[in-house]
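What follows is one structure encoded as structure tokens, with my remarks underneath.
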Amino acid sequence: MTISMNKPPIWFWIVSVLALIWNLMGVNQYLQQAYNTDSFKAMYTPDQLDQAAQQPAWYAASFAIAVFCGALGCIFLLLRKKWANIMFILSLIGIIGQMVYNLVLNDYIKDAGAFAISMQIVIPIVAVLLILLSKKAIAKTWIS
């Protein structure tokens, strides 16, 4: 059985590229934190760096899953493959893991600035929107 694919509208490509850039910024942030780069250290106070160093391994794994699956999902969107949906779902699971640690198991909000708090809201919203976009793309046969 062959599935006939429809041509996606231009906004699909624009959103997919912007989402890829968004997720690659997350990959960059993860790599900077994982390798404890000088640019990462310059962004935070010594207390914040100490707190980051004490994060459990499962938090780092959640972070990696969130950003790498998100980036892969965007690549699959651009390649018009429905694996994008699965990658976005895995990314959201990683984000939820991070949020559990940040909002429930840690005093993150107490020390976080307005930008960090806003990211705790924006990141899961973007993840859900990407899941919805991939579902719509599958339903419209823009991806298969």
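Considering only Met25, Met119, Met99, the Gaussian network model of the chain with Cα springs below 10 Å gives its largest mean-square fluctuation to Met119.
Can you give the longest run of the chain that contains no chymotrypsin sites (Phe, Trp or Tyr not before Pro) sitting in a DSSP loop with at most 16 other Cβ atoms inside 10 Å?
45-144
Label separation (Leu132 vs Ile86): 2.5 nm, computed from points 7 Å beyond Cα along the C-beta direction.
Measure nothing fancy, just the Cα-based angle from helix 114-139's long axis to the longest principal axis of the chain, in degrees from 0 to 90, nearest 10. Tilt of helix 114-139: around 20 degrees. For the chain, a Kirkwood hydrodynamic radius built from all Cα pairs, placed in the Stokes-Einstein relation at 25 °C and 0.890 mPa s, yields a translational diffusion coefficient of 152 µm²/s.
What is the angle, in °, between the Cα long axis of helix 57-78 and the longest principal axis of the Cα atoms in the chain? Nearest 10 is fine, range 0 to 90. The angle comes out near 30 degrees. For the options Ser134, Ser62, Ser118, a Gaussian network treatment of the chain with springs between C-alpha atoms closer than 10 Å singles out Ser118 as fluctuating the most.
With helices as the sole contributors, the chain gives -24500 deg cm²/dmol at 222 nm; each DSSP H run of n ≥ 4 counts as -39500 (n - 2.57), and the sum is divided by every residue. For the residues Leu133, Leu103, Leu90, a GNM of the chain with alpha-carbon springs under 10 Å puts the largest fluctuation on Leu103.
In a reduced charge model with +1 at each Lys and Arg Cβ and -1 at each Asp and Glu Cβ, region 16-132 shows a dipole moment near 600 debye about its Cα centre. Region 49-90 and region 1-41 have Cα centres lying 10 Å from one another. Between Ile96 and Asn28, how high is the FRET efficiency from 1/(1 + (r/R0)^6) when r is the Cβ-Cβ distance and R₀ = 30 Å? Nearest 0.05. E(calc), rounded to 0.05, equals 0.90. Against the longest principal axis of the chain, how steep is helix 83-99, in degrees 0 to 90 to the nearest 10, with axes from Cα atoms? Helix 83-99 and the main axis of the chain meet at about 20 degrees.
Readers should treat all values here as calculations from the given coordinates under stated rules, not as data from a laboratory. This structure is a prediction, so every number in the text was calculated from the model and none was measured. Virtual Cβ from ideal backbone geometry, glycine too; neighbours counted across all protein chains shown.
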